[in-house]
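Working notes, beginning with the structure itself.
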Amino acid sequence: MNVCLIEPSKFVSLTNPVSTISMPPLGLSYIAAALREAGHQVSVVDGPGSAPRQYFEFRGMRLRGLTNEKIVQKIPPETQAIGLGCMFTSHWIYVRELIGDIRRRFPAAFILMGGEHVTGFPEFSLDRAPLDAVVMGEGEETVVELLDAIGSRRPLSGIAGVAYRDADSQVQVNPRRERIRDIDSIAPPAWDLFDIEKYNEVNQPHGASQGKFMPMLATRGCPFSCTFCTSPNMWTTRWIARDPRRVVDEMVLYRDCYGVTDFQFEDLTAIVRKSWIRNFCDEIIARGLKITFQLPSGTRSEGIDFEIAQKLKAAGCHEFAFAPESGDPRVLKAIKKKVDLDELFKSARFAMQAGIRVGCFFIIGFPEDDCKSVLRTYACIVKCGLAGFTNVNLNAYSPQPNTESFRKLKETGVITELTDEYLMSLFTFQDFGACKTSYNPRFSNWELSALVWLGVFLFYGVYFVSRPYRIVYLFKDLFSSSSENKTNKMAKSLLKDTYSLIRTKILKRVKPV
């Protein structure tokens, strides 16, 4: 079949650090590779990647990338099936409009969607947009079987991992598919279909910018069941690691083909087994590779002692993050966050002694939070700053789709329906310029917002006051092509996007003579 895969444009806010990230779409590239290996003709329309410095308005929000009209125009006219990705539920408000535009232009095409949003809300997604089917969870095997069935006109009822409209337009949700055990058999991402050079020109990766970068996965899944996380629903709790040699082979391929020297591992939990990370580092060292890598999505602390930290540094690791989430043991137990804070700080000290920069992730406003637990979280944040952590990602709690925490809020009537207001709250919870939506009865929206702002102020106050030389490094980084750490990279991304937005507005006002 002729298949076109689409990465929709993305919401961006200057005060939402996560939205300023500009990364090649790793999930879509894996799906493209799987379909192409199965014999399908695959094309790609990368909304954000095709126009990373173009912005347009949608319902009072700003998006980065191609407009709906441009995206639809780029879909080849002979396309028979159109697939979209939607990782973040907050983007659904825009994506459903894009799906409607695509349907009007391609009324006979089979339109499907994958990603964490539709995995969490399959019935909702099919009810609210003119989709024919959605792929739930890990998608490589499912999407191939789905399109083969469509091409041969076989029923979809026996395909695990899909939800679809039947002949009577009723939504049917099939059982989930088992995870792929042999992940080394999965075709490598089809990066030749994407403009990797353009992403590197923008130079706003997830982690610190340390040269030409590429996102990668060394493992899939996470063995833990945190109540606020979508991973148990999306990936189950099975953690599967690739062969370290295959991972390093892929790194060498990207170095040779694209000139990449920095690898951003987007794994949910990269470091689980000491033996795996030791073998991975030894493979890089044995080959004498002059590269760097980082784990900007965070990882666990249990697998990191001084020996492992030294190996990570020797292999090229320059930064990673831990995610304590809360400084209160009671809250940690309630959210099923299996972390020992004392051991976490011990691992962080080992990493910093080895020369690796360490960041931290926290959340304020869990339904279980109270004033005492917030104070304990503040104490933990200050401790991170004093210990030498280089960045903090502090967010308000948000009930992500079909998590255990979300289901409890539904059961208790805190969330009654999936309104646009709820959907957008999943974007503004990371936006320091917007009022947060509180799902905790003890804190109002503005109180929660103030608590988050105060936590960020506490960390960065300690961050700069305890080590004033960091101000010099920050200003130095602002005028260089690289960034010492994730904090400096976020500051640079803010300035870059601010400049681009101002320039866009000026150009729009200038009328041709």
task = Report the FRET efficiency, 1/(1 + (r/R0)^6), for D166 and R238, where r is their Cβ-Cβ distance and R0 is 35 Å, rounded to 0.05.
result = 0.70
inquiry  = Show me the helices of the chain, taken as full DSSP H stretches, that run 27 Å or more along their long axis by Cα and average -1.0 or above in Kyte-Doolittle hydropathy.
reply    = 445-465, 486-509
inquiry  = What distance in nm separates the two pseudo spin-label positions at I502 and R181, each 7 Å out from Cα along the beta-carbon direction?
reply    = 5.8
ask   = In nm, what is the difference between 0.36 nm times the number of residues separating D148 and W453 and their Cα-Cα distance?
value = 104.7 nm
message = What does the charge count around R153 come to, taking other residues whose C-beta lies under 15 Å from its C-beta (Lys +1, Arg +1, Asp -1, Glu -1)?
response = -3
key: Local electrostatic count, Q54, Cβ distance below 10 Å [Lys/Arg +1, Asp/Glu -1]   = +3
key: Semi-axes of the equivalent ellipsoid for the chain, Cα gyration tensor, largest first, Å   = 34, 27, 25
message = Given R₀ = 22 Å, what would the calculated FRET efficiency be for W446 paired with D370, taking r from the Cβ atoms and rounding to 0.05?
response = 0.80
remark   = Any aspartates and glutamates whose Cα falls less than 16 Å from that of K313, other than same-chain ones fewer than 8 residues away, would be D262, D282, E283, D305, E484
note = Quick note on V456, V143, V173, ordering by fewest other C-beta atoms within 10 Å, gives V173, V456, V143
Estimated FRET transfer efficiency (K408, T15; beta-carbon r; R0 45 Å; 0.05) = 0.90
key: Virtual spin-label span in nm between N2 and A314, 7 Å along Cα→Cβ   = 5.5
query = Taking the stretch 208-497 as the region of interest, what is the percent of Cα-Cα pairs per 5 angstrom bin, listed from the shortest bin to the one with the maximum distance?
reply = 1, 5, 11, 15, 17, 17, 14, 10, 6, 2, 1, 0
ask   = What ranking of K290, K476, K74 emerges when the number of other C-beta atoms within 10 Å of each C-beta is taken as an exposure proxy, fewest first?
value = K290, K476, K74
query = If you line up the Cα atoms of the stretch 2-173 on their principal axes, what length do they span on each, largest first, in Å?
reply = 47, 30, 28
ask   = Distance from the Cα centre of the stretch 158-174 to that of the stretch 440-511, in angstrom?
value = 45
message = Neighbour counts of other C-beta atoms within 10 Å: give me C435, C371, C226 arranged from fewest to most.
response = C371, C435, C226
message = Going 7 Å from the Cα of R245 along its beta-carbon direction, which residues of the stretch 267-300 have the amide nitrogen within less than 19 Å of the resulting point?
response = 275-289
message = List the pairs from K372/K489; K311/K337; K212/K489; K212/K436; K70/K505 whose alpha-carbon separation is above 24 Å, in the order I gave them.
response = K372/K489; K311/K337; K212/K436
query = So what is the calculated 222 nm ellipticity per residue for the chain, using -39500 (n - 2.57) for each DSSP H run with n of 4 or more, over all residues, to the nearest 500 deg cm²/dmol?
reply = -13000 deg cm²/dmol
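FYI, it's all coordinate maths here, none of it is from the lab. As the structure is a prediction and not an experimental result, all values here were calculated from the model. Cβ coordinates were reconstructed from backbone atoms using ideal geometry, including for glycine residues, and neighbour counts include every protein chain displayed.
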